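Below: the structure, in structure tokens.
The values are calculated or read from the model by the stated rules, or taken from the named source; none is laboratory data. Owing to the predicted nature of the structure, the values given are computational and were not obtained by experimental measurement. Positions of Cβ are generated from backbone atoms using ideal geometry, with glycine treated the same way; all protein chains shown enter the neighbour counts. To get the accessible areas, we keep the full protein, side chains included, count just its heavy atoms, and leave off ligands, DNA and RNA. Shrake-Rupley method; radii C 1.70, N 1.55, O 1.52, S 1.80 Å.
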Amino acid sequence: MMAPFDPLLYPSKLWSSPEVLAKPCPVPIAAGIYAWYFRAIPPDVPTDDCHRHDGLTLLYAGIAPSRATSKNTLRKRIKGHCVNDASRSTLRRSLGCLLENELGIQLRFNPSGRVTFGKEGEERLSEWMADNAFVVWMEHDEPWLMEPKLIQSVSLPLNIEHNGQHPSALRLSALRTDARERAKSMPVVDG
């Protein structure tokens, strides 16, 4: 008998961001749950108890939509993680803060008051993800009911919400808060 999260934990295929962004897009326009696996692990991310598949490490999971009244879809959300900026993707914001020294990027504010790594920084982060991040998804009509169960059953060090028991959740939240506070004293950037 298949466990509810087996399609995410034992996928037949993991998709890179270039594959997700290709036309036609393989990601369905549907509600569901998605999981991000990584080849390279950002600094200071504990992975001892993380699930591994095909040499990659599962670090983050998300859902679309986040509530019954939202019109968000797996396609929109996953593509957003691949190309949007840190203000629209908690995954990008976390990865960017963790990879700040490695990629030479820093969280800043744009003229609209949203956080970003700036045009060049977001491009570097997108390149890093294209080389190191792989996603899989499964459709589900009520993903908001499943997300807490998934986070409680699998070690996901890049998830903060519903993940208070994970030792990295508080540390990652503090790292993001510190980056945001530093950004307040930095010049505004485009992008």
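Could you work out the helix-only [θ] at 222 nm for the chain, with each DSSP H run of four or more residues adding -39,500 (n - 2.57) and the total divided by the number of residues, to the nearest 500 deg cm²/dmol? It would help to have the intermediate numbers written out before the result.
Values: 8 runs with 76 residues, N = 191.
Per the formula, -11500 deg cm²/dmol.
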request  = Would you indicate which of (1) 0.99; (2) 1.23; (3) 1.18 is the value of Cα Rg over 2.2 N^0.38 Å derived from the coordinates of this structure?
outcome  = (1)
query = For helix 74-83, what angle does its Cα long axis make with the longest principal axis of the chain, in degrees from 0 to 90 and rounded to 10?
reply = 30 degrees
remark   = Measuring from the longest principal axis of the C-alpha atoms of the chain, the long axis of helix 143-153 (C-alpha) lies at a number of degrees, nearest 10, equal to 90 degrees
remark   = Full extension between Ser173 and Arg67 adds, at 0.36 nm per residue less the Cα distance, a length in nm of 35.9 nm
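Tell me the per residue accessible area of region 57-191 using a 1.4 Å probe; a whole number in Å² is fine.
Values: 6440 Å² over 135 residues.
I get 48 Å² per residue for region 57-191.
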task = Report, to the nearest whole %, how much of the accessible area of region 1-147 belongs to carbon and sulfur atoms, 1.4 Å probe, protein only.
result = 49 percent
ask   = What pairs in Lys71/Lys184; Lys149/Lys184; Lys13/Lys76; Lys23/Lys149 have C-alpha atoms more than 29 Å from each other?
value = Lys71/Lys184; Lys149/Lys184; Lys23/Lys149
query = Relative to the longest principal axis of the chain, what angle (0 to 90°, nearest 10) does the C-alpha long axis of helix 167-184 take?
reply = 30 degrees
Cα centroid of region 119-186 to Cα centroid of region 71-117, whole Å = 10 Å
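If you put +1 on each Lys and Arg Cβ and -1 on each Asp and Glu Cβ, how big is the dipole of the chain around its Cα centre, in Debye rounded to 20? Mind showing how you got there, number by number?
Working: 23 positive and 22 negative charges, 124 e Å.
Charge dipole, the chain, about its Cα centre: 600 debye, nearest 20.
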